[in-house]
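For reference, the structure discussed in these notes is given below.
The values are calculated or read from the model by the stated rules, or taken from the named source; none is laboratory data. Keep in mind it's a predicted model, so treat the numbers as computed, not measured. A quick note on method: Cβ atoms are made from the backbone with ideal geometry, for glycine too, and the neighbour counts reach across all protein chains shown.
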Amino acid sequence: MEIVIGKTAGFCFGVENAVKKTSKLLDENNSMFCLGELVHNKQVTKELENKGLNIVEDIEQANKNIIIRAHGAEKQTYINAKNIGLNVIDLTCPKVLKIHQIAEEYINKGYYIFLIGNKKHPEIIGTISYCGNNSYIIENEEDIKKALQDLYSSNIKKVVVLSQTTFSIDKFNKMIRVINEELKNKNIELEIKRTICDATRLRQEETKEISSNVEMMIIIGGKHSSNTNKLYEIAKSNCKNSILIETSKELDLEQMKKYKKIGIMASASTPKKSIESVVEILNKLC
Ligand code: SF4
């Protein structure tokens with residue numbers, strides 16, 4: 001059996017930074033508070049909770065300090081935290097902060113903002129709070145129509161498109177084609193900012209490449225993680241024997257024995273340990 005492991009599999013620099021800094025803080029303090037899961041991975045979350053991390057859904061539940069995770073938070077959260085005297089430890093990834101900056105810059109220049117992403121994802125909930133009133137979240141083609149209606153009724157003649165850092169590149173490109181087509185001959189200036197981060201892009205490209213050349217593809221990552229699910233969707237579209245697992249315990253060894261070439265990829269929030277344990281099991285099967 002041949003095993004192909006994605007070179008980009010595992011933590012991106014934003015997640016690595018957030019996990020390392022939180023772990024260090026927990027070594028120095030008895031307990032810390034984090035607004036929502038630090039990263040979308042149960043194994044990482046459990047490990048940090050065992051070290052004393054308290055995950056809270058509201059900053060009011062925190063005591064003395066609050067960690068803002070890699071995918072950021074709403075603008076108001078920082079104000080509220082300050083008002084109740086919390087020490088904010090901001091671990092928002094620079095790639096996400098950059099999108100917040102672009103949003104504010106384009107509001108000041110009088111643009112309408114189309115924000116492409118998953119409406120319920122914490123990063124989008126955070127980013128839209130930097131986009132002002134003249135903005136719309138686009139998750140699917142139906143939303144494009146609604147966003148265009150809102151743009152036309154605002155009478156604004158300039159629109160900028162931003163996206164969630166972990167959005168699917170293929171879906172983003174498809175949406176851009178539709179928006180371009182709709183705005184043709186409308187006398188509205190369109191500016192596209194490709195804010196899907198490199199970590200996401202490289203993992204999606206590599207998943208596409210590996211899954212097109214193997215008999216079975218294993219994606220490792222949190223089942224509630226946006227970037228993991230995107231990788232799984234890509235893998236499935238190229239390799240029908242694709243599976244999504246969180247840990248090696250979910251592997252069906254009998255099923256895997258049937259294949260001569262298996263690919264492995266892991267999302268940006270999957271720890272090295274989870275990847276190594278899958279590789280170890282496959283090596284034993286070889
Ligand atoms: S996926 Fe991209 S934006 Fe998110 S933490 Fe990693 S590098 Fe930063």
- Among the candidates SER154, SER129, residue that is among the polar types (S, T, N, Q), under 23 Å from TYR78 (Cα atoms) and either touching a Pro at 6+ places or on another chain (Cβ under 6 Å) or away from the ligand (no atom under 16 Å from the Cβ) (or both): SER129
- Task: Give the residue that is nearest to the ligand (Cβ to nearest atom), with candidates limited to residues of the stretch 232-249 that are more than 25 Å from LYS120 (Cβ to Cβ) and assigned to a helix (DSSP H, G or I).
- Result: ASN238
- Item | Residues satisfying the stated conditions in the stretch 74-85, i.e. surrounded by 15 or more Cβ atoms within 10 Å (Cβ to Cβ), touching a residue at least 40 places away in the same chain (Cβ under 8 Å) and farther than 23 Å from VAL161 by Cβ | THR77
- Looking at the stretch 157-170, which of its residues are more than 16 Å from the ligand (Cβ to nearest atom) and modelled with pLDDT of 95 or more? LYS157, LYS158, VAL159, VAL160, VAL161
- Note on the structure: Checked ILE245, ILE234, ILE275, ILE220 against criteria (over 25 Å from SER23 (Cβ atoms) and hydrophobic (A, V, I, L, M, F, W, C)); the one match is ILE234
- So, of the residues in the stretch 210-231 that are part of a helix (DSSP H, G or I) and away from the ligand (no atom under 16 Å from the Cβ), which turns out to be surrounded by the most Cβ atoms within 10 Å (Cβ to Cβ)? SER211
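So which of THR270, THR207 ends up being of a type in the set (Val, Ile, Thr), in contact with a Gly (Cβ under 9 Å, 6 or more places away or on another chain) and part of a loop (DSSP other than H, G, I, E, B)?
Exactly one residue qualifies, and that residue is THR270.
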- Note on the structure: Of the residues in the stretch 24-54, those that are within 16 Å of the ligand (Cβ to nearest atom) and farther than 21 Å from SER248 by Cα come to CYS34, LEU35, GLY36, GLU37, LEU38
- Task: Give the residues of the stretch 55-78 that are among the basic types (Lys, Arg), under 21 Å from the mean Cα position of the chain (by Cα) and away from the ligand (no atom under 16 Å from the Cβ), sorted by residue number.
- Result: LYS75
- Task: Might you check whether a residue that is away from the ligand (no atom under 16 Å from the Cβ) and acidic (Asp, Glu) occurs anywhere in the stretch 100-118?
- Result: yes
- Query: Residues that are surrounded by fewer than 18 Cβ atoms within 10 Å (Cβ to Cβ): which strands (runs of 3 or more DSSP E) entirely in the stretch 87-154 hold 3 or more of them?
  - Reply: 87-90
